[in-house]
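Notes follow once the structure below has been shown.
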Amino acid sequence: MITAKDIANYLQLTLNGENITIKCYAQLSSPLPHSVIFAKRYNDSFVCQLNDVDNILAIVTPEYTNRLTCSHIISNNPRLDYIRVLSHFFTQEKNKGFIHPSANIETGATIGKDVFIGAGCYVSTKSVIGDNCILHPNVVLDNRVVLGKNCEIKSGAVLGQEGFGFERDENGNPVHFPHFGDVIIGNNVFIGSNTTVERATLGSTIIEDNVKIDDLVQIGHNSHIGEGSMITVGAIVCGGAVLKSQSYLAPNASVKEKVTIGHRSLVGLGAVVLKNVSDDTIVAGVPAKEINRNK
């Protein structure tokens, strides 16, 4: 049984109101009895809506102080705290230490503790999977891919295969550049469905700790994704590009090869980045141009 007090204690915040039982989670637009909800901005209509429902716990901004009759927790970031509550109290963990019988784990692969590997996965002999990682069905780790701890790779992702590197010969025919490098991935990395991360030609393709990558993303060979960066659906990071820490690529953004995106910078929807972006900068357009500072 979960109580409102349990949630407040977990968040290290104060419970205001009754210590009700929490049975489920709900949306602000349709709160349910004995549910936990959140409001990330203040609105008078939200106050009336929340006060009309019995036995709910609301995680809300400081503007709601002394305005609610329902049980509530004041938070400086309600959405973040709500995510933490859902993850801690409601998420069902997969079976730790489970490898599906249909998964192909080659001899020599290194598998850490409490790893989940779903149906149809392939893990090459040179790959390393750290503790508590989750590989959803049909993930491919080819050649040498090193995963840190607590990584989650969604279905259909392909990591470690060769990139699109060619040089024309004397007759103009493309000749493939052999890829002898690897893919090094840090801790707490999330990689979405049908995303590809290419191994380096020489050296390493690197994804640092706490990086989150959406579905249908292309990460080119020898690229380097800095700590805490987020790359959303459909984005393309060409070979040798660098995203420094806490950078953000919006949907369908493209970064030219060997271009650097600065720390904490944001690349807008569908932008095409052809030259380096400074730290703390917002760029948008085709070609991408600075439109603001990211403060």
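On full extension, the segment bounded by T69 and T3 gains 22.0 nm, given 0.36 nm per residue less the C-alpha separation.
A simple spin-label model places pseudo-atoms 7 Å from Cα toward Cβ; at Y25 and Y10 they are separated by 0.9 nm. Carbon-plus-sulfur accessible fraction, the chain (probe radius 1.4 Å, protein heavy atoms only): 49%. DSSP bridge analysis restricted to the chain gives an antiparallel fraction near 15%, rounded to the nearest 5. Surface analysis of the chain yields an accessible area of 51 Å² per residue, using protein heavy atoms and a 1.4 Å probe. Could you tell me the calculated FRET efficiency between S278 and K212, based on Cβ-Cβ distance and R0 = 22 angstrom, to the nearest 0.05? The computed FRET efficiency comes out at 0.45. Looking only at the stretch 48-183, where both bridge partners belong to it, what percent of the DSSP beta bridges are antiparallel (to the nearest 5)? Of those bridges, close to 15 percent are antiparallel. Taking 20 Å as the limit for the C-alpha separation, the pairs K40/K244; K40/K149; K244/K289; K96/K154 exceed it in the case of K40/K244; K40/K149.
Extension gain for H88-N43 works out to 13.4 nm (0.36 nm per residue, less the C-alpha to C-alpha distance). Given a Förster radius of 25 Å and the C-beta distance between F180 and K96 as r, what FRET efficiency does 1/(1 + (r/R0)^6) yield to the nearest 0.05? According to the calculation, E is roughly 0.15.
Taking label points 7 Å from Cα along the Cα-to-Cβ direction, N292 and D169 give a separation of 5.3 nm.
The values are calculated or read from the model by the stated rules, or taken from the named source; none is laboratory data. Here the structure is a predicted model, which means the values were calculated and not measured. Positions of Cβ are backbone-derived with ideal geometry, glycine not excepted, and every protein chain shown enters the neighbour counts. Only protein heavy atoms, including side chains, enter the accessible area calculation; ligands, DNA and RNA are left aside. Shrake-Rupley method; radii C 1.70, N 1.55, O 1.52, S 1.80 Å.
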